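Reading through the structure tokens given below for one structure.
The values are calculated or read from the model by the stated rules, or taken from the named source; none is laboratory data. What you see is a predicted model, and the numbers here were worked out from it, not measured in a lab. Note that we place each Cβ from the backbone using ideal geometry, even for glycine, and neighbour counts take in every protein chain shown. To get the accessible areas, we keep the full protein, side chains included, count just its heavy atoms, and leave off ligands, DNA and RNA. Shrake-Rupley method; radii C 1.70, N 1.55, O 1.52, S 1.80 Å.
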Amino acid sequence: MLHKLLMLCCCVALLLSSQKAMATKYILVSHDPNDSAPVPGGAGASFETVVPGLYEADLYVRSGLQDSQNENTDDITVYVRGGTYHEEGFNWRATSPTYETKLIAYPGEEVIFDGLNQDGTIQTKLLTVSPVFRQTNVWIEGFIIQNYVNGVGFGDSAQKLSAGKHTSGNTVINNVFRRVGNTFNTINTHMGYHAVGITRSDNNRVEDNIFYKIENDKIMPDG
């Protein structure tokens, strides 16, 4: 009887694990709108959509994969195909305290986010995980992030928001941050604060990243 009970428990656990795995929603970022790349390691899985950038991926999740509380209803994995993307700084809002959101370079491909504008200026940031005063569970992995005044941020400064935890449970792993800071801007309009900024945010993991030429050399007009 005990043996049968253990077998039943194992079967239930495997079923729940399988359902959890199948619940993941996959999004592909690619320069090719007809990209038919397979989901890495996702036997039987397929991409929900192909979008041209992270900004559009965030919009897609928030337009159909969130509940009335503006929280993701499944694990989300966004794979980014190789190439250079000129993302303009924005707030990533597709988060959940229960489910994980992963932004990952497609395996074996070099993904560069470059903030350099045609006029020689650079973007203020790549992205900030929007402060929502709860656990956010955003995972960023495998990117080269260059030519931004700031890189990626979690939370915000106490001057802008009331006290308390703004985000938590985030991961930044195996990325390269290079030429980040106002040193690399041709005009004196933005201050650099971080390559990886963590403000009023806890239980985060920042590991195995490379930081190269993270520099400020301009003083803002207000001193």
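No other residue among 56, 48 is under 24 Å from residue 130 (Cα atoms), modelled with pLDDT of 95 or more and out of contact with any strand residue (DSSP E or B) (no Cβ under 7 Å at 6 or more places or on another chain) apart from 56. When we screen 113, 177 for residues that are out of contact with any His (no Cβ under 9 Å at 6 or more places or on another chain), modelled with pLDDT of 90 or more, assigned to a strand (DSSP E or B) and open to solvent by less than 40 Å² (accessible area, probe 1.4 Å), the only hit is 177.
If you check 45, 37 for being aliphatic (A, V, I, L, M), under 18 Å from residue 107 (Cα atoms) and open to solvent by 30 Å² or more (accessible area, probe 1.4 Å), only one passes: 45. When the range 116-131 is filtered for residues that are over 19 Å from residue 54 (Cα atoms) and either open to solvent by less than 50 Å² (accessible area, probe 1.4 Å) or in a strand (DSSP E or B) (or both), the ones remaining, listed by number, are 120, 121. Take residue 85 and decide whether it is open to solvent by 20 Å² or more (accessible area, probe 1.4 Å) and either at pLDDT 95 or above or over 20 Å from residue 108 (Cα atoms) (or both). In short, no. Among the residues of the range 180-223, those that are among the charged types (D, E, K, R) and either under 17 Å from the mean Cα position of the chain (by Cα) or at pLDDT below 85 (or both) comprise 200, 202, 205, 207, 208, 217, 218, 222. Within the range 180-201, the set of residues being assigned to a loop (DSSP other than H, G, I, E, B) and open to solvent by 30 Å² or more (accessible area, probe 1.4 Å) comprises 186, 187, 188, 189, 190, 191, 193, 194, 199, 200.
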